[in-house]
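In what follows, a structure is listed as structure tokens, so that the remarks can point back to it.
The values are calculated or read from the model by the stated rules, or taken from the named source; none is laboratory data. Nothing here was measured: the structure is a model prediction, and the numbers come from that model. All Cβ positions, even for glycine, are placed from backbone atoms using ideal geometry, and neighbour counts span all protein chains on display.
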Amino acid sequence: MKHNNSKTSMHTVHIKHSFKDKLFQFWAIAVIALIAVICVVPFIFILSGSFSSESAIAVNGFSLLPQDFTLNAYKTVLRFGNKIPRAYLVTIFITIMGTSLGMLTTSMSGFVLSRQDFKYRNTAAFFIYFTTLFSAGMIPAYLVNVNILHLNNNILVLILPSIMNPFNIFLFRNFLKSIPDALMESARIDGAGDFTVYWRVMMPLAKPAIATIGLFLALGYWNEWYRCNLYIKDQNMYTLQYLLYNMLQNVEKMFSEQGLSTPGIQLPSQTMKLATAMLATGPVLIFYPFVQKYFTGGLIVGGVKG
């Protein structure tokens, strides 16, 4: 009897694929590979260009490999005192705080809207959805932030306006609606309150949605420069993106202020742009692989769960 069971367990099922299936798989892989190359090649150009000399790029253009390898572009960018380290700290601070607060408010809102026993969930969802159709615009937002909330030249203006996003709320709600209600009912039978159900039951099951929305929020805060341009006047509170933007717009002026401008010597303006791009995107490239497995699951939010 054991011998027969071992034979059965070793038996494998072979699925035969037709020629059309194999052809489709081949073209699907080829298209995905082509898209991947299209996405990666520009980044390689930026990376190699940031390690190339200004004269080599001026003569030969950009290439996949560094030409006349040098670190002058990075040395030049990092020569501007402590501006870039301070801007990194500001950007890291608003990214961590904004993402944390955004995830807390978004997950709580999505949890409430997913509750079947919340009588006014459809009304609340309508008012949230309504904001995606009509926007007051830049001028009313500026007046509210400056004249009413008094957030002008305040680091909170870089955090608070982006905390809640209707799309993220509905994304999180749809994910929670796919979780069986029996889990919530079982927790209530065991004496769990609303916050306990939210924190101890639903949140551990919502890791794909948390990672997806958290990545959206983190990228938004990391790339923040527009509000910094409108509201922040103190250079000590400049975000990394806005500081690099200013550096690239006023590269000649900043070189002269730092005493780096020398007559007859070509300034590394092109390679400096590439170096600043690498400094801005590098941390994101390091962070993304850690959430990729959850991000893939979050993209199918609302799908059928097994």
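Numbers below:
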item	result
Filter pass, Thr281 being crowded, with 16+ Cβ neighbours inside 10 Å, β-branched (Val, Ile, Thr), modelled with pLDDT of 80 or more and assigned by TED's automatic domain parsing to the domain that holds Leu151	no
Any chance Asn154 is under 25 Å from the mean Cα position of the chain (by Cα), of a type outside the set (A, V, I, L, M, F, W, C) and either assigned by TED's automatic domain parsing to the domain that holds Phe287 or closer than 28 Å to Cys228 by Cα (or both)	yes
Complete set of residues in the range 107-130 that are under 23 Å from the mean Cα position of the chain (by Cα) and closer than 13 Å to Phe167 by Cα	Ser107, Ser109, Gly110, Ile128, Tyr129
Pick from the range 210-243, criterion farther than 17 Å from Ile96 by Cβ and of a type in the set (S, T, N, Q), ranking: surrounded by the most Cβ atoms within 10 Å (Cβ to Cβ)	Thr212
Filter result (surrounded by 20 or more Cβ atoms within 10 Å (Cβ to Cβ) and within 21 Å of the chain's Cα centre (by Cα)) within the range 68-94	Ala87, Val90, Thr91, Ile94
Selection within the range 194-209 - among the hydrophobic types (A, V, I, L, M, F, W, C), in contact (Cβ under 8 Å) with a residue 24 or more places away in the chain and crowded, with 18+ Cβ neighbours inside 10 Å	Met202, Ala206, Ala209
Filter result for Ile46 (outside the structural domain of Trp199 (by TED's automatic domain parsing), surrounded by 15 or more Cβ atoms within 10 Å (Cβ to Cβ) and assigned to a helix (DSSP H, G or I))	yes
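For (1) under 30 Å from Ala209 (Cβ atoms); (2) in contact with a helix residue (DSSP H, G or I) (Cβ under 6 Å, 6 or more places away or on another chain); (3) β-branched (Val, Ile, Thr), each residue gets a yes or a no:
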site: Arg79; (1), (2), (3): no, no, no
site: Ile84; (1), (2), (3): no, no, yes
site: Thr91; (1), (2), (3): yes, yes, yes
site: Thr105; (1), (2), (3): yes, no, yes
site: Ser114; (1), (2), (3): yes, yes, no
site: Tyr120; (1), (2), (3): yes, no, no
